[in-house]
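Worksheet: one structure, shown below.
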Amino acid sequence: LILNTKNLLHIEDGAFRNLPRLKYLSICNTGIRQFPDLTQIFSLEAHFILELCDNLRMTIIPQNAFQGMNNESLTLKLYKNGFEDIHSHAFNGTKLNQLILKDNKNLRRIHNDALRGATGPDVLDISSTALESLPSYGLEAIQVLNATSSYSLKRLPPLDKFSSLLEAVLTYPSHCCAFRNLRTEKQNLLLSIFDNFSKECESTMRKPTNEILEDSNNTLLWSVERNTHPFVTDDESSPYSYSTIFDDSEMAGFDFEYDFCQPKVLTCTPEPDAFNPCEDILGYSFLRVLIWFINILAIAGNFTVLLVLLTSHYKLTVPRFLMCNLSFADFCMGLYLLLIASVDAQTSGQYYNHAIDWQTGSGCSTAGFFTVFASELSVYTLTVITVERWHTITYAMQLDRKLRLRHAVPIMLGGWLFSIGIAVLPLFGVSSYMKVSICLPMDIETGLSQAYILLILVLNVVAFIVICACYIKIYIAVQNPELVAANKDTKVAKRMAILIFTDFTCMAPISFFAISAAFKVPLITVTNSKILLVLFYPVNSCANPFLYAIFTKAFRRDFFLLMSKLGCCKSRAELYRMNYFSAYNSNCKNGGAATAPSKASQAILLLSALEK
């Protein structure tokens, strides 16, 4: 034992020479800077233990560092040192039982060939290290892997490298998904083979007769003598001992300690939780196809609306200004869906190896910001548009009460600031975008996070109620069939019904399940919530550009005028231009004659407002 000798700075080569009876060597809490020469010990003991700990000035483990120590079983306890790098062939010439590297806080690299030339190890412990990857060679013998608190280890080597693994204690639950899949694929064959043997085993135990079971090579597999108690024991002298029944190679991978007829299966902790099940980002295959159609529709539709409105030579009115804000918000929602769809396509089938990088990285934070910002700005703008339309119809002939652009700009500025503030909060610890793979703020562990989620949901519900109330009031104002033509009345009703239905379809299911989850009584799993994400959550973003812009006459006029500038649809554009000036001249001639608006004229103004 060489312990607590801080002034010991160097151990000369050959200091440990020809020590055939040495079983245990411990060098801890010293000041040595260079890895000591241990290659001339030549211990003859059946099992040798080397302990190096708290040697903070040793930074590397060189090649062949342990060659010649012992030709039998070797346990290396190399913990709490200053190791930063383990070189190629560092463990060459050893038969490793256990390799303990835990608590080497600065250990960032193990060379891919560090275990080349070594047998084993059976146990590898890399807990509390800064390793970013495991070596690709030498993992086949590992039966127990301990990698707790190894937060930099975000990816695992190919799973076929862990051919003997029985127990894994890891840092991230997503990595256990990899071993769960490995267990499913690899052990199915073993279990099917063993199942046949188990039936033979059980039937033999029930019928103790003179039976000999041999394989095709005439190797004795099972033997029972008549009138002998049919239980297998650990006594090697017994004809029912494990060693009598199986060769060592046939025993590998199975645990007969408690139940002879059951194989041992791979166990892994921590288990995936409800927020991060073992699946790809989107989970269902049909969602993987559908999300591309939806995000392309949202991006293309809203980009078209923005392009047409911003390039139009007509005056920027309040409805146009509000529609630009709505289109931008819904365009951001399309970008969020595009980002989720792209990452899902890249990580399909191996998300467990990308989960940590994605959910803790800037990509997921960006996606989460986009979706919350877009969702809140869209809801806010929809509410403002609806209130503006109600105000326009109610005070149609009172020009002094008309909403001007100078009023709309500060109103929307407030909406932008509110939406940005709500979207930024999870980046500063109020809830989190890292909780789930779809990057929504679903963390409700703290009271503040819970209040944050409830605030968003309540505001969305209030906005929906305001939208419904405004459209109902507008419809009631023009419902009288004696004053309004039936076809106009029907048109207004249909348009309002569609607007309210799309809002309800988007908000109702998400709000219902989210509020229940916020109170920690979830009624739906994360897997099923992804259906809401794709089918309901972006409904408004896809429908809004069509309902509020593309299907209106004003937009079609602006669209064809823009196309005419590019050399297309010139005749259609000229027709729209003539109709516009004809209607403008007609209004100018009749403008002075009108003194009091009729109910029917208000209805026509409503239809005009809905078309803007």
Boolean, Leu309 is closer than 23 Å to Ala374 by Cβ, among the hydrophobic types (A, V, I, L, M, F, W, C) and either crowded, with 23+ Cβ neighbours inside 10 Å or touching a residue at least 40 places away in the same chain (Cβ under 8 Å) (or both): yes
Any chance Ala130 is of a type in the set (A, V, I, L, M) and buried (at least 17 other Cβ atoms within 10 Å of the Cβ): no
Leu454 closer than 30 Å to Ile356 by Cα, modelled with pLDDT under 65 and not β-branched (Val, Ile, Thr): no
Candidate set: the stretch 431-451, residues that are at pLDDT 85 or above, surrounded by fewer than 23 Cβ atoms within 10 Å (Cβ to Cβ) and touching a Ser or Thr at 6+ places or on another chain (Cβ under 6 Å); chosen: the one farthest from Tyr351 (Cα to Cα): Ser449
Residue list for the stretch 71-91, restricted to those being on the phi < 0 side of the Ramachandran plot and either among the charged types (D, E, K, R) or touching a Lys or Arg at 6+ places or on another chain (Cβ under 8 Å) (or both): Asn71, Glu72, Ser73, Leu74, Lys77, Tyr79, Gly82, Glu84, Asp85, Ile86, Ser88
Filter pass, Ala329 being hydrophobic (A, V, I, L, M, F, W, C), at pLDDT 85 or above and open to solvent by less than 20 Å² (accessible area, probe 1.4 Å): yes
Residue identified as assigned to a strand (DSSP E or B), over 36 Å from the mean Cα position of the chain (by Cα) and under 18 Å from Ile27 (Cα atoms) among Leu76, Leu96: Leu76
Tally of residues being within 50 Å of the chain's Cα centre (by Cα), at positive phi and surrounded by fewer than 14 Cβ atoms within 10 Å (Cβ to Cβ) across the stretch 2-46: 1
Number of the condition not met by Tyr137 [criteria: (1) buried (at least 18 other Cβ atoms within 10 Å of the Cβ); (2) within 16 Å of Asn112 (Cα to Cα)]: (1)
Options Thr394, Thr360, Thr366; residue that is of a type in the set (Ser, Thr, Tyr) and farther than 30 Å from Ala341 by Cβ: Thr394
Failed item, numbered, when Phe321 is tested on (1) buried (at least 22 other Cβ atoms within 10 Å of the Cβ); (2) closer than 30 Å to Thr392 by Cβ: (1)
Search result, residues across the stretch 376-390 that are within 35 Å of the chain's Cα centre (by Cα) and open to solvent by 20 Å² or more (accessible area, probe 1.4 Å): Tyr380, Thr383, Val384
Where a residue in the stretch 75-101 is under 14 Å from Asp125 (Cβ atoms) and its partner, wherever it lies, is open to solvent by 20 Å² or more (accessible area, probe 1.4 Å) and of a type in the set (Phe, Trp, Tyr), with Cβ under 6 Å and at least six apart: Ile100/Tyr79
Where Ile531 falls short, out of the listed (1) assigned to a loop (DSSP other than H, G, I, E, B); (2) modelled with pLDDT of 70 or more; (3) surrounded by fewer than 20 Cβ atoms within 10 Å (Cβ to Cβ): (1)
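Yes/no per residue for (1) out of contact with any strand residue (DSSP E or B) (no Cβ under 8 Å at 6 or more places or on another chain); (2) among the charged types (D, E, K, R); (3) within 27 Å of Ala141 (Cα to Cα):
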residue	(1), (2), (3)
Leu3	no, no, no
Lys23	no, yes, yes
Glu51	no, yes, yes
Thr75	no, no, yes
Ser88	yes, no, yes
Test result for Thr366, open to solvent by 20 Å² or more (accessible area, probe 1.4 Å) and part of a helix (DSSP H, G or I): yes
Residue that is farthest from Phe48 (Cα to Cα), among those in the stretch 81-99 that are touching a Phe, Trp or Tyr at 6+ places or on another chain (Cβ under 9 Å) and surrounded by fewer than 22 Cβ atoms within 10 Å (Cβ to Cβ): Asn92
Top-ranked residue in the stretch 47-73 [being open to solvent by less than 50 Å² (accessible area, probe 1.4 Å) and not in a strand (DSSP E or B); ranked as nearest to Leu1 (Cα to Cα)]: Asn55
Which listed residue, of Ile340, Ile356, Ile411, Ile393, is surrounded by 19 or more Cβ atoms within 10 Å (Cβ to Cβ) and within 27 Å of Ile474 (Cβ to Cβ): Ile393
Conditions (1) at pLDDT 70 or above; (2) open to solvent by 30 Å² or more (accessible area, probe 1.4 Å): number failed by Cys569: (1)
Matching residues, the stretch 303-354, being under 24 Å from Asn540 (Cβ atoms), not polar (S, T, N, Q) and not in a helix (DSSP H, G or I): Leu316
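The values are calculated or read from the model by the stated rules, or taken from the named source; none is laboratory data. None of the values given here were measured: they were computed from a predicted structure. Neighbour counts run over all protein chains shown; Cβ positions are idealised from the backbone, glycine included. To get the accessible areas, we keep the full protein, side chains included, count just its heavy atoms, and leave off ligands, DNA and RNA. Shrake-Rupley method; radii C 1.70, N 1.55, O 1.52, S 1.80 Å.
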